[in-house]
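What follows is a set of notes on a single structure, which appears directly below.
The values are calculated or read from the model by the stated rules, or taken from the named source; none is laboratory data. Computed from a predicted structure; not experimentally measured. Here the Cβ positions follow ideal geometry from the backbone for every residue, glycine too, while neighbour counts run over all protein chains shown.
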Amino acid sequence: MMSGMPRLRLDHSDARFTYSTRLVVRFDDVNLGGHLGNDRLVSLLGEARSRFLHDLGVPEEGGTGPDGAPTPGVIMVDLAVTYRREVGLRDELRFDLGLDDLTRVGGDVLYRVVREADDAVVATAKTGIVFFDYAQRRVVSAPEAFAAAAARPSLDRRSGEIGDGRGGGGGEDEDEGGDGADSGDEGRGAA
C-alpha cells in the first residue's frame, strides 16, 4: 500500500505584499470542469509578475536603461502553486505580490490570489527568479530597483490598498473604467 504524497504548503501569512493588480477570468481560462484551469492560473501569475516587475522598472524581457546600457531580463527557476478554492468564469481576481529571499542575482516572488466577490484567498504561489543577460547568455546581478522593492510599504491584507499591512488602508484611487470584460486593471504598487 502506498502512503500519500505530502502536500505542498505555502504559508504567506507574514509575507509583505507590496503590489496589487487585478485580472478577470476569461472564457479561454476555464477548463472542461467549468473552472479556472491550473495551467491558466500559472499564465495569470505570469501576467501579474510581469506587471509587478515592469512597475519596479525591471521588465522581465530586459531592455535599455536610462544610460542606454542593456538591462537584464528574468528567468524563472522554480514555481510552486497551491489551489485553495474553485474559480469560475468572469470572477475578478486580485493578485497581491511581494518579494522574499533576495539574493545577489534574484529572489522569490510571492503571490496571494484573492477573489474580489467574497475576499477569499483562492491560491498562493511562489516563483524563484534570477536575472539573465540574454546577449551574454549568463546569470547576472539583480538591478538595484529590484532590491529596493523590498523596502516598499506593505499592502493592506484585506483591501489590497497600500498601507502598513495591518489593515491601515489608504493608498491610491483605482480607475474603475471599462466594462470589466478586458484582462483587468493596471497594477499599482507603492512607488
Q: May I ask you to verify whether residue 79 is farther than 19 Å from residue 30 by Cα, without any contact (Cβ under 8 Å) to a residue 60 or more places away in the chain, hydrophobic (A, V, I, L, M, F, W, C) and in a loop (DSSP other than H, G, I, E, B)?
A: no
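Filter the range 59-80 down to residues that are hydrophobic (A, V, I, L, M, F, W, C) and touching a Leu at 6+ places or on another chain (Cβ under 7 Å) and give me whichever is surrounded by the most Cβ atoms within 10 Å (Cβ to Cβ). It would help to see each step written out before you state the result.
Step one: list which residues in the range 59-80 are hydrophobic (A, V, I, L, M, F, W, C), which gives 69, 74-77, 79-80.
Still in the list and also touching a Leu at 6+ places or on another chain (Cβ under 7 Å): 74, 80.
Working: 74: 22, 80: 14.
Taking the candidates together, the pick is 74.
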**Q.** Which numbered condition residue 128 fails, given (1) of a type in the set (Gly, Ala, Ser); (2) buried (at least 16 other Cβ atoms within 10 Å of the Cβ); (3) touching a residue at least 60 places away in the same chain (Cβ under 8 Å)
**A.** (3)
Q | Meets criteria (modelled with pLDDT under 85, closer than 24 Å to residue 109 by Cα, surrounded by fewer than 18 Cβ atoms within 10 Å (Cβ to Cβ) and of a type in the set (D, E, K, R)) for residue 9 | A | yes
Q: Filter the range 12-38 down to residues that are out of contact with any Leu (no Cβ under 7 Å at 6 or more places or on another chain) and part of a helix (DSSP H, G or I) and give me whichever is surrounded by the most Cβ atoms within 10 Å (Cβ to Cβ).
A: 38
Q | Residue ID - surrounded by the fewest Cβ atoms within 10 Å (Cβ to Cβ), chosen from residues in the range 141-150 that are more than 14 Å from residue 65 (Cα to Cα) and at pLDDT 75 or above | A | 148
Q: Keeping to the range 12-58, report how many residues are free of Cβ contacts under 8 Å to residues at least 24 places away in the same chain and under 15 Å from residue 114 (Cα atoms).
A: 1
